[in-house]
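All remarks here apply to the structure that follows.
Here, each number is a calculation from the coordinates, and none is a lab measurement. Please read these numbers as outputs of a predicted model, since none were measured by experiment. Here the Cβ is made from the backbone with ideal geometry for all residues, glycine too, and neighbour counts use every protein chain on show.
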């Protein structure tokens, strides 16, 4: 077994060297590689990572020309990984490197395609914890994620799933969204979570909003499909209002003008929303067809050598 440890690096000149050294000591009994992807850091991270790649034969360094974001950096690392398993770990030392062996053990014993970590107590800020809850709630409804599954950035992915993930060539990758398109064979393991020792978190509300919109519009057609129940509801309400006003006109007293206008607007609005939902289904199907979602993913084929 060979393990690939992928680390997206951003402004971590004070921690990345110690993280790599700790990984070298912790994983010394297995065959592994470390892939450092510098996401256009503004400090000396690039120089530190370059030196590490020259010091250790199993450290590969990739530096991006501009800042693309964590998910894009991870996708870059996955494209260059050769391990039977890939582990993503942050560069801030909040995930102890020795916990990686737990993920490997769970994946091996349970034959899981993906293993997510969860924490008994997270050492993130209140803002980041709230943001994580929001993202987990959103993905539960849009991606059919189990509600009790925490989508941690510290996770392990089997090679066969990685090969399917990297088929996505779009500019807005969301690793967890791609995972749930491919497999539901997912395990979990509890690990320790430490306080940040150096620097400040790169997590911002701007990034949360960007991630929120990315999940909402790039990995689900649900927003478009919301037009159908809204349109049908307005159509039904407008129809019964007009029916009621017609009966009132026949038996008296005559309905007021604003009542007729309001009912008519609701009725026509319902028709428009319903037609938009039909159009949206065509657009949504076209979008999903172009998004790189596979028709199927083969786990085992008896016609191929094992």
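Remarks
- Ranked by the mean number of other Cβ atoms within 10 Å per residue, highest first, peptides 162-174, 250-262, 81-93 order as 81-93, 162-174, 250-262.
- Cα gyration tensor shape of segment 34-99, rounded if a/c is under 1.5, else prolate or oblate by comparing a/b with b/c: rounded
- Residue order, fewest to most surrounding Cβ atoms within 10 angstrom, among 12, 111: 111, 12
- Additional length obtainable on full extension of the chain from residue 236 to residue 250, 0.36 nm per residue less Cα span: 2.9 nm
- Extension gain from residue 118 to residue 283, taking 0.36 nm per residue of separation minus the Cα-Cα distance: 55.7 nm
- Computed extension length for residue 2-residue 261: 86.2 nm, one decimal, from 0.36 nm per residue of separation with the Cα-Cα distance subtracted.
- Sorting 43, 176 by the number of Cβ atoms found within 10 Å of their own Cβ, with the fewest placed first, yields 43, 176.
- Taken along its principal axes, the alpha carbon cloud of segment 241-282 reaches lengths of 46, 16, 7 Å, longest axis first.
- Förster radius 25 Å - calculated FRET efficiency between residue 56 and residue 210, Cβ distance, rounded to 0.05: 0.15
- Each part reduced to its alpha carbon centroid, segment 63-126 and segment 5-51 end up 13 Å apart.
- Estimated FRET transfer efficiency when R0 is 30 angstrom, pair residue 163-residue 63 (beta carbons, to 0.05): 0.80
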